[in-house]
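Visitor: Here it is: the structure, laid out below.
The values are calculated or read from the model by the stated rules, or taken from the named source; none is laboratory data. Keep in mind the model is a prediction, meaning the values are calculated, not measured. Every residue, glycine among them, receives a Cβ derived from its backbone with ideal geometry; neighbour counts consider all protein chains shown.
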Amino acid sequence: MRRTGLVVGEPGAVRLRVRRAVRVVERLVGLIAQPLPVAGAGLWIEPCRAVHTLGVRGPLDLVFVARSGEVLRLCEGVPPRRVRGALRARAVLELRAGEAHRLGLRPGMHLRWIDDSKGGQR
């Protein structure tokens, strides 16, 4: 997994540090038996339309995102041993419970990547 920046909404409005899981094994493992992300951090899983919280150490906020970057669905405070998804999602952003509210995330807004490793955008 590589680190990358994720900009939410207008450029510079909210910035998160995320790990990006794109390989099959990375996507399957996700946050299982990992420490929960700290405030301002998360895990971006792509491609992904559904996730489970089996083996996760605490509740998560799950942000389902379309290919266009539009937030399709927001599931806040999802406890361990649950499954959530969004049929049109291309990716999901997993955050510590409460982060989506703190950051002002909501359906309809757009997320945009800035790839720190290359200095470019996605």
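Visitor: Can you name every residue in the stretch 45-81 that is without any contact (Cβ under 8 Å) to a residue 40 or more places away in the chain and among the polar types (S, T, N, Q)?
Guide: The answer is Thr53, and nothing else.
Visitor: Let me ask another. Looking at (1) closer than 20 Å to Arg15 by Cβ; (2) at pLDDT 90 or above, which one does Asp115 not meet, given that it meets all the others?
Guide: All conditions pass for Asp115, except number (2).
Visitor: Test of understanding: among Glu46, Glu26, Glu76, which residue is out of contact with any Lys or Arg (no Cβ under 8 Å at 6 or more places or on another chain), at pLDDT 90 or above and not polar (S, T, N, Q)?
Guide: Details: Glu46 fails: out of contact with any Lys or Arg (no Cβ under 8 Å at 6 or more places or on another chain); Glu26 fails: at pLDDT 90 or above.
None of the other options fit; the residue is Glu76.
Visitor: Which one of these is surrounded by 16 or more Cβ atoms within 10 Å (Cβ to Cβ) and farther than 20 Å from Arg23 by Cα: Arg96, Arg57, Arg82?
Guide: Arg96
Visitor: Only one of (1) surrounded by 13 or more Cβ atoms within 10 Å (Cβ to Cβ); (2) under 12 Å from the mean Cα position of the chain (by Cα) is not met by Pro47, so which one is it?
Guide: So Pro47 meets the others, but not (1).
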